[in-house]
Amino acid sequence: LILALICTCWTAQAQIPYVSITSIMTIPQSDLQNCNDTTSYLGDTVVTRGIVIIDGGLTEVASGSVQGGLRPFIHVVDTAAGGTMDPFSSIEVMGVIRDASGNLIPHPNFIYVAPGDVVEITGIVGEYNGSKQISLLDGNSFNVLNTAAAPSPAIVPLSDLNDPNAINQLPTGEQWEGAYAKIENVTVSEVIYFSGGSRVSFNIVDGSGNRMNVSDRYLAQKLPSHQVINANSPNSTAAGGPGTGTFVPPVPGTFYNSISGVIRHDANG
């Protein structure tokens, strides 16, 4: 009976298809022109491989439903081009699984990956606010295979992403969802405190007034009032850090030659 169960489990895993990140993320231009950015793999369980873009120790998304309070995220890029930030080649991964009692917990290895790690992921393709992500299937669904060069950002015009009303430009912007991008020559237009002043985001505009938001999912933008929740954070007291964020928000009118980060392409409206 034990042998039969092992064989059954192996067969079930073997039936999960391998699908490249690029295949998951690519949306036909005809769909994008009609404001449809839904992947044909939505709801499917897949195996895929990617190169880690963001150090797992930098994720700082709080969650009341995950034990320990951290809901970790990273972004990965398709291995096909050696980590080149090509269109439709990157995706967000949520590192939460269920333990034997059904409780949500962070995957034990997720926060320890580094940029350049090549990982194999088994998970369910889903969406959050219209942004595609993979959710891990179980504790065996996330494994480091080897290492490669850390990915470099693609230079993306802000006008490809949003218009002056911050409305997503799907035909030109959807291809950069999940990508590590560099946005050049922008000015801070608004600084937005929220969650009782404990969090901050800010808007930037290019020379034509096209507008996008810079958000605080990662440690780089956490205020000194934020207590770090990631055990692998370089700001943790265990690592010799202050145990808090250190971000000093800009003021409106601040000009940046460039800002680099990952693109989260939330749905219009």
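Limited to region 164-201, what total is found for residues that are within 29 Å of ILE51 (Cβ to Cβ) and either hydroxyl-bearing (Ser, Thr, Tyr) or not in a loop (DSSP other than H, G, I, E, B) (or both)?
Qualifying residue count, region 164-201: 16.
Kindly indicate whether PRO250 is outside any strand (DSSP E or B) and touching a residue at least 24 places away in the same chain (Cβ under 8 Å).
Spelling it out, PRO250 is indeed outside any strand (DSSP E or B) and touching a residue at least 24 places away in the same chain (Cβ under 8 Å).
Here's the yes/no breakdown for (1) modelled with pLDDT of 95 or more; (2) under 20 Å from the mean Cα position of the chain (by Cα); (3) crowded, with 18+ Cβ neighbours inside 10 Å:
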site	(1), (2), (3)
LYS182	yes, yes, no
TYR193	yes, no, no
ALA220	yes, yes, no
PRO224	yes, no, no
GLY243	yes, no, no
ASN268	no, yes, no
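If you check SER159 against the conditions, is it within 17 Å of the chain's Cα centre (by Cα), modelled with pLDDT of 95 or more and either of a type in the set (Gly, Ala, Ser) or assigned to a loop (DSSP other than H, G, I, E, B) (or both)?
no
A quick yes/no check of all residues on (1) touching a residue at least 12 places away in the same chain (Cβ under 8 Å); (2) in contact with a strand residue (DSSP E or B) (Cβ under 9 Å, 6 or more places away or on another chain); (3) over 20 Å from VAL214 (Cβ atoms); (4) surrounded by 17 or more Cβ atoms within 10 Å (Cβ to Cβ):
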residue: VAL125; (1), (2), (3), (4): yes, yes, yes, yes
residue: ASN140; (1), (2), (3), (4): yes, yes, yes, no
residue: VAL144; (1), (2), (3), (4): yes, yes, yes, no
residue: SER152; (1), (2), (3), (4): yes, yes, no, no
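Kindly check whether there is at least one residue in region 53-62 that is more than 17 Å from the chain's Cα centre (by Cα) and surrounded by fewer than 22 Cβ atoms within 10 Å (Cβ to Cβ).
No, region 53-62 contains no residue that is more than 17 Å from the chain's Cα centre (by Cα) and surrounded by fewer than 22 Cβ atoms within 10 Å (Cβ to Cβ).
So ASN168 ticks every box in (1) open to solvent by 40 Å² or more (accessible area, probe 1.4 Å); (2) at pLDDT below 95 but one. Which box is left unticked?
(1)
The values are calculated or read from the model by the stated rules, or taken from the named source; none is laboratory data. If you're wondering where the values come from, they're calculated on a predicted model, not measured in any experiment. Ideal geometry is used to build each Cβ from the backbone, glycine not excepted, and the neighbour counts take in all protein chains shown. SASA here: full protein model, heavy atoms, side chains in, ligands and nucleic acids out. Shrake-Rupley method; radii C 1.70, N 1.55, O 1.52, S 1.80 Å.
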